[in-house]
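The values are calculated or read from the model by the stated rules, or taken from the named source; none is laboratory data. Nothing here was measured: the structure is a model prediction, and the numbers come from that model. All Cβ positions, glycine included, derive from the backbone under ideal geometry; neighbour counts span all protein chains shown. Each accessible area value is taken on the protein alone, full model and side chains, heavy atoms only, with ligands, DNA and RNA left out. Shrake-Rupley method; radii C 1.70, N 1.55, O 1.52, S 1.80 Å.
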Amino acid sequence: MVLNFFANPNRFSRISAKVVPWFGGGTIILLIIGIYFSLFSSPPDYQQGNAVRIMYVHVPAAWTALACYVFIAIMSAISLIYKHPLADIACRSAAPLGVGFTIIVLATGSLWGKPTWGTWWVWDARLTSVLILLFLYLGHISLTHAFDSQDRGAKAAAVLALIGFINIPIIKFSVDWWNTLHQPASIARLDGPSIDTSMLVPLLLMALAFIFYFITMLLIRMRTELAVRKTHALKYKMGH
Amino acid sequence: MNGISLLIIRDIKLSFRNGSEAIMSIIFFILAGMLFQFGLDPNSRVLTQIGGGIIWVIALLAAMLSLGRMFNNDYEDGSLEQYFLAPIPIVFVALAKAISHWLTTGIFLVVAAPLIALFYNLPNTILMPLVISMLLGTPTLSLIGSTGAALILGSRNSSVLIPLIVLPLYIPVLIFGSLAINSAVEGVEYNNFLMVLAGLFLIALALSPWATAAALRQAIE
């Protein structure tokens, strides 16, 4: 099973070292193509004009922020159930990335809201639940670092991540459950996407670029964290 | 069942004997409710409009005030480890702690809420939805709060962590609690909001003791 395969941190280090350049290179290529498509090769919206191009950053960032939280929740469950050595490190490394993506979502959403809705911020269900997501991430990070024992911090944060998972379906369905200013889902629908191909292509390219960036940074951060722990262990050994 | 009631009675006794902890949150509740009057024009209609929201916001803060002590004394004097040896499941201990927290804070908030409503010139018609929404909402606060209190046991800066962890989870109760009161002020149907509050309470009742128990288990390891 994959779980057992990665139970050895050295094996993870070896494999991730080979994989990181590919994901990093993929991020750069996808970003270049995606930015070209979204800025030059896609049409302006018939109502919003060029402001619609904010979507190509806003939506991928939102997907990545949610994906990151789901990833943390799954890793937290694995950490609590199987006590997998890498799961804690994965949660610890992913949470600050999630904060970054969530801030990008809120900031671009605000910039997009001003020209289209006429306001920077409304307290509707989608915006509020994403703001709660940001606070869940921040709570997760501060809980991780609040204890003298690293292990205890990781366990407490894992429980919090699982509790906060309730928020994820609320974010996803908030636009369907409540009538709000925020538009309903237009990609993941039963009757197919309601968005034109000329806009869908750059959107998916950018989404892929964001996910690749997330994976690249996650692997680098996890490798760094592993190296830090190894250094601590070595220092401890040499001191005694 | 006997173990649970013993635990609850012990906690209530302790909270009344230890420097009147239970009185603190109610005094805070009334004081904070009073403070807004000085910042706002006390004669305006604004007070009536914002009263419902303010009652709920300060109720959240008052309920949060005593969370830090919920498990901390037991954690420090070692009683918490004894609970794990006792013949009652730790989930029931978690539930008992939430119940005794509600009996020492939540229930007083329910009683004091009409007084705050008086400060804000809220019409008499809101008495029913106010009391019912508080009765349904404050147990949810105690349940969610017990999980938060268990998570931060033994941390370095627990007083800052509690709000950061608990307040985002309190937001749904705040939203639907104040919606119920505000609808009653405007004279429209409010029962649906009370039902949502009841639903939130049931969700918290079903899930939070388990999360609290998981957190307590991590804490004594």
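In table form, for the structure just shown:
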read-out: Members of segment B:143-159 that are more than 8 Å from chain A (Cβ to nearest Cβ) and hydrophobic (A, V, I, L, M, F, W, C); value: B:143, B:144, B:149, B:150, B:153
read-out: Segment A:116-148, subset exposed (fewer than 15 other Cβ atoms within 10 Å of the Cβ) and modelled with pLDDT of 85 or more, residue farthest from residue A:91 (Cα to Cα); value: A:148
read-out: For residue A:67: the one exception among (1) at pLDDT 90 or above; (2) open to solvent by less than 30 Å² (accessible area, probe 1.4 Å); value: (2)
read-out: Flag if residue B:133 is among the small types (Gly, Ala, Ser), more than 14 Å from chain A (Cβ to nearest Cβ) and open to solvent by less than 40 Å² (accessible area, probe 1.4 Å); value: yes
read-out: Residue among B:118, B:179, B:167 that is under 23 Å from residue A:131 (Cα atoms), more than 11 Å from every other protein chain (Cβ to nearest Cβ), part of a helix (DSSP H, G or I) and of a type outside the set (D, E, K, R); value: B:179
read-out: Cross-chain or 6+ apart pairs with Cβ under 8 Å, segment A:161-173 first and more than 18 Å from residue A:95 (Cβ to Cβ) and within 13 Å of chain B (Cβ to nearest Cβ), then surrounded by 15 or more Cβ atoms within 10 Å (Cβ to Cβ) and of a type outside the set (A, V, I, L, M, F, W, C); value: A:170/A:129
read-out: Search result, residues across segment B:169-221 that are in contact with a Lys or Arg (Cβ under 8 Å, 6 or more places away or on another chain), open to solvent by less than 50 Å² (accessible area, probe 1.4 Å) and free of Cβ contacts under 8 Å to residues at least 40 places away in the same chain; value: B:218
read-out: Residue A:7 vs. criteria in contact (Cβ under 8 Å) with a residue 24 or more places away in the chain and not in a helix (DSSP H, G or I); value: yes
read-out: Test: residue in segment B:91-110 that is within 16 Å of residue B:177 (Cβ to Cβ), touching a Pro at 6+ places or on another chain (Cβ under 8 Å), open to solvent by less than 10 Å² (accessible area, probe 1.4 Å) and not in a loop (DSSP other than H, G, I, E, B); value: yes
read-out: Filtered residues of segment B:136-168 (kept if buried (at least 24 other Cβ atoms within 10 Å of the Cβ), of a type outside the set (Val, Ile, Thr) and farther than 15 Å from residue B:198 by Cα); value: B:145, B:146, B:148, B:149, B:150, B:151
